[in-house]
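Below is one structure, written out as structure tokens; comments come after it.
The values are calculated or read from the model by the stated rules, or taken from the named source; none is laboratory data. Everything numeric in this text was worked out from a predicted model, so none of it was measured. Here Cβ is always computed from backbone atoms with ideal geometry, including for glycine, and neighbour counts include all displayed protein chains. Ligands, DNA and RNA are excluded from the accessible area calculation, which covers all protein heavy atoms including side chains. Shrake-Rupley method; radii C 1.70, N 1.55, O 1.52, S 1.80 Å.
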Amino acid sequence: MIVSIGIIVLFLFVNVYAVPYIKLVINGQQVSTDVPPQIVNGTTLVPIRVISESLGAKVNWDGDTQTVTVDMPRETLEAHTVDTFWNTYCSGTVTEPKIGDSVTPEFKDVLQKALDLLKEKDNTVYRFVCAYIPEIDEQPYKDDNIGAWTDSMTHTVYFNSDNVSQTVSASNTWGTEYTALTLAHEAFHESTICSGSIIPISTDTNNRELQAYTFEYAVAKHIGAASDLQNWLKQQITSLIN
């Protein structure tokens, strides 16, 4: 991750204009600053510290040399995940997601079959899943309509334990395909969470889900998933468009 930051030094007699309000938004979140943004000779200037620290960098000021240094940690979780993604694609080494202790033995068997299915039918997506999902766990969720979700801090994918029993009791092929496609769906979300991803981050929830379901549908067609499963995915996409 390479961060290039230009520092502008203001001298006397430059034109500084006060503006009513300039919003500063970083990664979809509005950020307040002690020093308000200013427009100088037609260029908008914002405080370097708040931007850098919001992105995980450390900012230091050396009064003796009149120097500002900005150091970006190399191994943030996001940077490590993106590195893992590219290393997975550039080498033959693939590490499958860890299946946590919270996962029941029955669902653990389904998860392994789902990974094996992706590996056999769509190796590119299999590697994508392995790169972006470090761990899979099981946990109850208040909304039964949510089958799985991604923890934005740890990048762990959780399956709703209230729904897992339905997946396990489903026909062997359908349950495996559904689980494989859900992993692809959540890996897509993981890729948008990670800074440096090649997939742009959308701040609109419906748009994010639309992109993820569209990706999932493409994978479903590629692995030859059951027609009713493909039709269900098309229904999700249509509802999000409308």
* To do: Kindly check whether there is at least one residue in the stretch 227-235 that is over 23 Å from the mean Cα position of the chain (by Cα), part of a loop (DSSP other than H, G, I, E, B) and in contact (Cβ under 8 Å) with a residue 40 or more places away in the chain.
  => no
* Asked: Can we say Pro140 is of a type outside the set (Lys, Arg), in contact with a Pro (Cβ under 8 Å, 6 or more places away or on another chain) and surrounded by fewer than 20 Cβ atoms within 10 Å (Cβ to Cβ)?
  -> no
* Inspect all residues belonging to the stretch 181-197 and state whether any of them is farther than 16 Å from Ser152 by Cβ, open to solvent by 30 Å² or more (accessible area, probe 1.4 Å) and either assigned to a helix (DSSP H, G or I) or at pLDDT 80 or above (or both). => no
* **Failed condition for Phe85, given (1) at pLDDT 85 or above; (2) within 24 Å of Ile193 (Cα to Cα); (3) aromatic (Phe, Trp, Tyr)** => (1)
* Identify, please: which residue in the stretch 92-137 is open to solvent by 50 Å² or more (accessible area, probe 1.4 Å) and small (Gly, Ala, Ser) and is, among those, modelled with the lowest pLDDT? -> Gly92
